[in-house]
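Some notes on the structure that comes next.
Every number here is computed from the coordinates shown, using simple stated rules; none is lab data. Not measured: the values here are computed from a predicted model. Note that each Cβ is placed from the backbone with ideal geometry, even for glycine, and that neighbours are counted across all protein chains shown.
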Amino acid sequence: MAEAMMDALDAEQTIFCPAFPRAGRTVYQGHLFVDGTLLNESGMQNHPLNPMQDANLVRFLARQVTRPVGLLRYHDLADASSAGGSLQTHRRDGIAHGVIDCVDDSQLQTIAAAVSDMPLLTGGSGLARYLGDAYRKSGLIETHRASSELPAISGRSLILSGSCSQATNQQVAKAKSFCSTWQLDVLEIARDPGTYQRRLLAWAEASDANRPLLIYSTDDPEGVRSVQQTLGANEAAELIESFLGKVAVELTTDFGVRRLIVAGGETSGAVVRDLGIRALKIGPEICAGVPWTQSIGGPPLAIALKSGNFGDENFFHTALEMLA
Ligand SMILES: Nc1ncnc2c1ncn2[C@@H]1O[C@H](COP(=O)(O)OP(=O)(O)O)[C@@H](O)[C@H]1O
Ligand SMILES: O=C(O)C(O)C(=O)COP(=O)(O)O
């Protein structure tokens, strides 16, 4: 994907920067850590779609690309000019893909400044947080700043969870105490999605209107494996994503849902696509990396999209309390 985009943009070089130290994601000597634990020991080795079994990003990336991969090491990133110098050396040596070490947020700022002239960057939301300022400083965008306000939208609350990460499993377990809760039976959906959806909507209609709805396929690695053995991993994922997308459309159209939290990156993509949301106005953060937002396009919604392993066990409660 990155190489196709580099070709389209005529870019000789890009960086790979998934670090987000404030959210516990760091890269050191090319290895990705989650809260100080190597990625492949962090629970993400059991991801339903992309089991993350190698924390060495240089090695992992090299298997997927045709051009050389290099590492910009921690000690090459003391400030924007030494980071820029190291990038130039990579460029001169024909290293197209630079995995980049980063262990604290001030380094993200340094990296953002050093890469502000690159047409393609690959990485996570941690780096994106600092790009606005870097682009402003180099005159690429205007200095206008929008205020970050909570979406003033009232209505029923819904949590849709298709993430199976450790953090989401804990968050779902906690949320059962204050939500009306429905655990999806994935094999039943596969057998007869229409009937299953009607049963679910009848339950939602009959549920206590004052309690948030929690609908989830979140499961532990054993539960995920058992579904995948019957349906196949990709087939199960597609089925669940498209089912949750349809449920989001129904519940926001006919059931008064106006506050929506989606757990899971792929799941969020499917739900946002099916709702017809074209853009989001970013509001205040619920936790590092996860803001409340307001939909632009599609139904008017307060919407929070949570990447799998983000947030503490009270994440859903904290998020809904912010809007109370
Ligand atoms: N019970 C389940 N069995 C199998 N696959 C599942 C189950 N629940 C969810 N999935 C799939 O697992 C994937 C989780 O990925 P994603 O939504 O990106 O979450 P995360 O942000 O935790 O990576 C999705 O494609 C989802 O459809
Ligand atoms: O747990 C994580 O780090 C993620 O699930 C993830 O994908 C984070 O991506 P960004 O939000 O782009 O940093």
| Can you run phi through the Karplus equation (6.51, -1.76, 1.60; θ = phi - 60°) for region 29-34 and list ³J(HN,Hα) in whole Hz, with x for Gly and Pro? | 6, x, 9, 8, 10, 10
| message | Could you give each residue of region 138-155 its phi-based ³J(HN,Hα) in whole Hz, using Karplus coefficients 6.51, -1.76, 1.60 with θ = phi - 60°, and x for Gly or Pro? | response | 8, x, 7, 9, 6, 8, 4, 10, 8, 6, 9, 10, 5, x, 8, 10, 10, x
| remark: If unit charges are put on Cβ atoms (+1 for Lys and Arg, -1 for Asp and Glu) and the dipole of the chain is taken about its Cα centre, the option from HIS47, LEU275, GLY264 lying farthest towards the positive end turns out to be LEU275
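Quickly estimate the mean residue ellipticity at 222 nm for the chain, helices only: each DSSP H run with n ≥ 4 gives -39500 (n - 2.57), and the total goes over all residues, rounded to 500. Present the calculation step by step, with values, prior to reporting the outcome.
Working: 12 runs with 133 residues, N = 324.
Calculated from helices alone, the mean residue ellipticity at 222 nm is -12500 deg cm²/dmol.
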| query | From the square roots a ≥ b ≥ c of the eigenvalues of the alpha-carbon gyration tensor of region 2-137, which class results: rounded (a/c under 1.5), prolate (a/b over b/c), or oblate? | reply | oblate
| query | To the nearest 20 debye, what charge dipole does the chain have about its Cα centre, counting +1 at the Cβ of each Lys and Arg and -1 at the Cβ of each Asp and Glu? | reply | 460
| request: Starting from one equal scatterer on each C-alpha and no solvent at all, send me the Debye-based log10 I(q)/I(0) for region 116-164 at q = 0.19, 0.23 Å⁻¹, two decimals. | output: -0.83, -0.93
| Whole-number Å³ per residue for the convex hull built on Cα positions in the chain | 138
| message | Taking the Cα centre as origin and putting +1 on Lys and Arg beta-carbons and -1 on Asp and Glu beta-carbons, what dipole magnitude results for region 156-322, to the nearest 20 debye? | response | 480
| said: Are there any trypsin sites (Lys or Arg not before Pro) in region 98-160 that are in a DSSP loop and have at most 15 other Cβ atoms within 10 Å? List them by number. | reply: ARG145
| query | Tell me, what is the percent relative contact order of the chain, built from C-alpha pairs under 8 Å that lie six or more residues apart? | reply | 18
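Please order LEU158, LEU9, LEU38 by the number of other Cβ within 10 Å, starting at the fewest. Can you show the working numbers first?
Values: LEU158 24, LEU9 12, LEU38 16.
Lowest count first: LEU9, LEU38, LEU158.
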| field | Residue-wise HN-Hα coupling along region 86-101, computed from phi with Karplus coefficients 6.51, -1.76, 1.60 (Hz; x: Gly, Pro) | value | 5, 5, 5, 4, 4, 4, 4, 7, x, 8, 7, 10, x, 5, 10, 5
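Work through the residues other than THR143 whose Cβ is under 11 Å from its Cβ and net out their charges, Lys, Arg +1 and Asp, Glu -1.
On the way: positive: ARG136, LYS137, ARG145; negative: ASP133, GLU142.
So the surrounding residues net to +1.
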| field | GLY123 long-range amide H proximity, modeled H, under 5 Å | value | CYS17
